[in-house]
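Peer 1: Right, I'll just put the structure down here and ask away after.
Values quoted throughout were computed directly from the atomic coordinates according to the rules given, and no laboratory measurement underlies them. Computed from a prediction, not measured in an experiment: that's the story for all the values here. Please note: Cβ atoms are built from the backbone with ideal geometry, for glycine as well, and neighbour counts cover all protein chains shown.
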Amino acid sequence: MTEPATRTAPPPRVRRPSLLTLVIVLVVGALLVHGWTEGATVRPDSLLTGVFRLSEFVDDAVPPDVSRVGPILAALLVTVEMALLGTIIGVILSVPLAVMAARNTTPHWSLYGVSRAIITVSRTIPDLIWGLIFVIAVGLGPEAGVLAITVDVMGFCGRFFAESIEDIDPGRIEGLRAIGAPRAGVIVGGVIPACLPSFVTTSMFALESSARSSVVLGLVGAGGIGIELATSMTLLRYDEALTIILAILVVVVAFERLSAAIRRRVLGV
Amino acid sequence: MGVAAKPSGSEGDLAGTTGSAPAIDVTNLRVRYRRAKTDALSDLDLRVHQGEAVALIGTNGAGKSTLLRCLVRLIEPTGGRIAISGTEVTGASRPALRAIRRDVGFVFQRYHLIPRLTAFHNVVQGAMGRHGSRCSWPSTSPGDVRQEAMQCLERVGVAAFADRRVDTLSGGQQQRVAIARMLMQRPRVILADEPVASLDPASANAVLDLMCSIAAERGVTVIMALHQIELALRYADRVIGLRNGTLDFDQPAGDCDETQLNPIFAESTT
C-alpha cells in the first residue's frame, strides 16, 4: 500500500518536455536561423534607415495630389464592381458545389470527391495567382479579376456552405424525406432555407475579402485600381499614390461596415 | 373514446382500394444498428388492419422509434419483410419508396418543421410527394395546393398563424402545423413517434384528440408510440408493448387496464 503521505516534495518546477515538443522547437529554431542567413531578418540598423526613408515618402506624399481624382475614382468604381460581380457569381456557384460537397446531401460519393477537390484547389491557390492565370486566359483587364475573385469565393463559400449543410439538424431533412419529397425538393425547400442565415453571413465575409483582393489584383494586370497604384508608385508620384491609398481605405472600410450591418440584421432576426 | 367504433365502418369503404391486404404487414423484421451488440428489433411480426388505431408502448430503447422509422425505411431494416397496404416496402426502388412515403404521414416528437419558414410554407411542402419540387415554395405551388394548405391549417386550428414563422410558435402550435403538413399528404396511414412527449398535458390531449379524430373521419390507420399508458388506453383501439426489441404484449385497448401494462415499463430497465 503506497500511502499518499510519503510524498512530501511538491511536483517539480519544470517537467521534462516531451519528444514532440523538442522536435517542434528544434525545427522552428533551425528554420529561423536558416532564414536569417537568407535575409529573412529584422535588423535594427536597417529599421532605422528605413524609418528615415519612410519619412521621405511621407514628405513627398503629403499633401495628397487630387488632380487625377476623376480617373482614380472611376478605376475604384470598376474595382468595387469587380468585387461585387465576382462575389455574386462565386456565391451562386458555391451553393450547388456545397450541396454536392456535404456528406448528408451529396448525390453520389464520386461527386462528393470531385466537388471537395474543386473547393480545395480554389481555396489553396492564392487569389493573386488566380489573377495571373486568368490574365493569360482572357487577357489583361477586369474580366480576369472577376474570374479570379469568383474562384476565390468558391473556395471560401463552398467550404463553409458545405459545413453549415452538414451541421443541419438531421430530423428536419428526415421530416421532408418522410413526406416522399424528391431530393431536389428536400434541398430547395428544406436544406437551403434552414442554412440561409449562415449562407448570408459567409457571403458577407466573402464580399469583404473580395473587396480587399480586388484592389491587389490590379497589380498583376487583372483590372481595377491596383494598376493605378502600381503606376503612381513606379513613377515616384507618392502624392498621387496616397490619394489612391486613402480612397481604397475608404472603400474597404465601407464594405466592412456594410457587411457587418447586414450580418447583424440577419443574425438578429 | 369516440374512436372505438371506427375500424369496421372504415374498412368497408376502403375495401375497394386496399383489397384484403392489411394496412401494415410486418414479418420477421430485424434491425441491428452498426456497431451495436444486440438487435434493436428482433424477429418482429405485426399485422395492423386499415382504420385501426394502435398504441406502441415501451421504455426508451425498446425499439418504438426504430419500428416506426423502419416502416417507411427512414432506417433500413437488416432483415425481414414489410408491406404497407399490400405494397412491398423492403426492396422497393427509390421512386416506389417515395410513392409509399407519400401515402404515409409521419408525426415526429420534435415536429421536424423547417425553421424560419412560415407555417403556411411548411404545410404547402406536404404536397411535395404528389406534385414534386415545385411545392417546395408556396409561390410556385399550384393554386389548389395553396387552398388545400389553408384548409389543413384551419382543420388543426392554427389558420390564424399561417403567416408566422414556425419557430415563433409554441410547441403545441408547431405540432398542429406538423399535423396539417401531414394532412396535405392525404395519408392512408399515420405513424406518430411520441407526438406529444414534448407537450404539456393539456396540449397533449388536444393534439391526440385532433390526430385521432382526423384519422377516424377518414378511416386512416394510426400507429403511435406513446409514453403514457393512460393516453394509450384512451386513444387507441389496440395496445402493443415492446420490450428489448420484441413484441411483449398485444391486446385490444378495451381488455387491458393500467396495472397490467405497468410491468412493461417496470421490468425492462436493463
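Peer 1: Given H placed 1.01 Å from N in the peptide plane, which residues other than close sequence neighbours of B:R243 have an amide H under 5 Å from its amide H?
Peer 2: Under 5 Å from the amide H of B:R243: B:D248.
Peer 1: Sticking with this structure for a sec: Would you list A:R53, B:R176, B:R181 from fewest to most Cβ contacts within 10 Å?
Peer 2: If I rank by nearby Cβ atoms, fewest first, I get A:R53, B:R176, B:R181.
Peer 1: Related question: How big is the dipole moment of the protein assembly as shown about its Cα centre under a simple scheme where the beta carbon of each Lys and Arg is +1, that of each Asp and Glu is -1, and everything else is neutral? Debye, nearest 20, please.
Peer 2: 660 debye
Peer 1: How are the Cα pair distances of the protein assembly as shown distributed, in percent, across 10 Å bins from 0?
Peer 2: Over the protein assembly as shown, the share of Cα pairs per 10 Å bin runs 3, 14, 19, 17, 13, 11, 11, 7, 3, 1, 0 percent.
Peer 1: Shifting gears a bit: When the helices in the protein assembly as shown are scored as -39500 (n - 2.57) per DSSP H run of 4 or longer and the sum is shared across all residues, what 222 nm value do you end up with, to the nearest 500 deg cm²/dmol?
Peer 2: Values: 21 runs with 306 residues, N = 539.
Mean residue ellipticity at 222 nm (helix-derived): -18500 deg cm²/dmol.
Peer 1: Using the number of other C-beta atoms within 10 angstrom as an exposure proxy, rank A:W130, A:W36 with the fewest first.
Peer 2: Lowest to highest Cβ neighbour count: A:W36, A:W130.
Peer 1: What FRET efficiency, computed as 1/(1 + (r/R0)^6) with R0 = 30 Å and r the Cβ-Cβ distance, is obtained for A:E163 and B:Y33, rounded to the nearest 0.05?
Peer 2: 0.70
Peer 1: I'd like the distance separating the alpha-carbon centroids of the range A:137-197 and the range A:203-269, in whole Å.
Peer 2: Measuring centre to centre over Cα atoms gives 26 Å.
Peer 1: Considering only A:A137, A:A61, A:A254, give the residue with the highest GNM mean-square fluctuation for chain A, with springs between Cα atoms whenever their separation is below 10 Å.
Peer 2: Of the options given, A:A137 has the highest mean-square fluctuation.
Peer 1: Which distance in Å, rounded to a whole number, links the C-alpha centroids of the range B:228-252 and the range B:113-188?
Peer 2: 31 Å
Peer 1: 7 Å from Cα along Cα→Cβ at both A:L140 and A:V69: what's the point-to-point distance in nm?
Peer 2: The answer from the label model is 2.8 nm.
Peer 1: Ok, one more. How large is ³J(HN,Hα) for each residue in the range B:72-87, as worked out from phi by the Karplus curve 6.51 cos²θ - 1.76 cosθ + 1.60 (θ = phi - 60°), to whole Hz, x for Gly and Pro?
Peer 2: 3J(HN,Hα) across the range B:72-87, in whole Hz: 10, 6, 6, 10, 7, x, 7, x, x, 9, 10, 9, 10, 6, x, 9.
Peer 1: Given +1 on the Cβ of Lys and Arg, -1 on the Cβ of Asp and Glu, and no further charges, what dipole in debye does the range A:69-268 carry about its Cα centre, rounded to the nearest 20? Can you show the working numbers first?
Peer 2: Details: 13 positive and 14 negative charges, 112 e Å.
So the dipole magnitude of the range A:69-268 works out to roughly 540 debye.
Peer 1: Shielding by partners for B:122-134, please: the mean number of other protein chain Cβ atoms within 10 Å of each residue's Cβ.
Peer 2: Details: counts 5, 0, 1, 10, 4, 3, 11, 7, 2, 2, 4, 9, 4.
That average works out to 5.
Peer 1: Can you list, largest first and rounded to whole Å, the semi-axes you get for the range A:56-186 by taking the square root of 5 times each eigenvalue of its Cα gyration tensor?
Peer 2: Details: eigenvalues 347, 52, 35 Å².
Over the Cα atoms of the range A:56-186, the semi-axes work out to 42, 16, 13 Å.
Peer 1: Okay, moving on. Between B:L226, B:L169, B:L29, which gets the highest mean-square fluctuation from a Gaussian network model of chain B, Cα cutoff 10 Å?
Peer 2: Answer for the Gaussian network model of chain B: B:L169.
Peer 1: For the peptides B:232-239, A:43-50, what is the packing order when you average, over each peptide's residues, the other Cβ atoms within 10 Å and list the highest mean first?
Peer 2: Peptide ranking by packing, descending: B:232-239, A:43-50.
Peer 1: Which GluC sites (Glu not before Pro) in the range A:1-86 pass both tests, a DSSP loop state and at most 16 other beta-carbon atoms within 10 Å?
Peer 2: Counting only loop positions with at most 16 other Cβ atoms within 10 Å, the GluC sites (Glu not before Pro) in the range A:1-86 are A:E38.
Peer 1: Mind checking the log10 I(q)/I(0) for chain A at q = 0.07, 0.12, 0.15, 0.16 Å⁻¹? Debye, one equal scatterer per Cα, no solvent, two decimals.
Peer 2: Treating every Cα as an identical point scatterer, log10 I(q)/I(0) equals -0.43, -0.92, -1.11, -1.17.
Peer 1: Provide the FRET efficiency to the nearest 0.05 for the B:N262-B:T78 pair, computing r from the beta carbons and using R0 = 22 Å.
Peer 2: With R0 = 22 Å, the Cβ-Cβ based efficiency is 0.10.
Peer 1: Provide the per-residue ³J(HN,Hα) series for the range B:44-59, in order, calculated from phi with Karplus coefficients 6.51, -1.76, 1.60 and θ = phi - 60°, each as a whole number of Hz, with x at glycine and proline positions.
Peer 2: Once θ is set to phi - 60°, the couplings for the range B:44-59 become 8, 10, 7, 10, 10, 7, 4, x, 6, 10, 10, 9, 9, 10, x, 6 Hz.
Peer 1: Show me the ranking of peptides A:169-175, B:208-214 by mean Cβ neighbours inside 10 Å, starting with the highest.
Peer 2: Output ranking for A:169-175, B:208-214: B:208-214, A:169-175.
Peer 1: Provide Rg and Dmax in Å for the range B:22-267, with only Cα atoms included in the calculation.
Peer 2: Cα radius of gyration and Dmax of the range B:22-267 are 17.8, 54 Å respectively.
Peer 1: Do you know the relative contact order of the range A:68-186, to the nearest whole percent, from alpha carbon pairs under 8 angstrom that are 6+ apart?
Peer 2: 34 percent.
Peer 1: Considering every residue in B:97-105, what mean count of other chain Cβ atoms within 10 Å of its Cβ is obtained?
Peer 2: 3
Peer 1: Toward the positive end of the charge dipole of chain B, about the Cα centre and with charges on Cβ (Lys, Arg +1; Asp, Glu -1), which of B:Q151, B:L56, B:V124 goes farthest?
Peer 2: B:V124
Peer 1: Provide the per-residue ³J(HN,Hα) series for the range B:213-228, in order, calculated from phi with Karplus coefficients 6.51, -1.76, 1.60 and θ = phi - 60°, each as a whole number of Hz, with x at glycine and proline positions.
Peer 2: Once θ is set to phi - 60°, the couplings for the range B:213-228 become 6, 5, 4, 5, 3, 9, x, 8, 6, 10, 10, 10, 7, 10, 9, 9 Hz.
Peer 1: Using Cα-only point scatterers and the Debye equation, what is log10 of I(q)/I(0) for the range A:1-117 at each q in 0.10, 0.11, 0.20 Å⁻¹, rounded to two decimals?
Peer 2: Values returned for q = 0.10, 0.11, 0.20 Å⁻¹ are -0.94, -0.98, -1.08.
Peer 1: Would you mind telling me the antiparallel percentage of the DSSP bridges in chain B, rounded to 5?
Peer 2: 50 percent
Peer 1: Name the residue from A:V251, A:L207, A:A102 whose Cα lies farthest towards the positive end of the charge dipole of the range A:69-268, charges +1 on Cβ of Lys and Arg and -1 on Cβ of Asp and Glu.
Peer 2: A:A102
Peer 1: Determine the percent antiparallel among the DSSP beta bridges restricted to the protein assembly as shown, to the nearest 5.
Peer 2: Values: 19 of 37 bridges.
In the protein assembly as shown, approximately 50 percent of DSSP beta bridges are antiparallel ones.
Peer 1: Calculate the spin-label point distance for A:T234 paired with A:V253, positioning each point 7 Å from the Cα along the beta-carbon direction, and give it in nanometres.
Peer 2: Result: 3.1 nm between the two label points.
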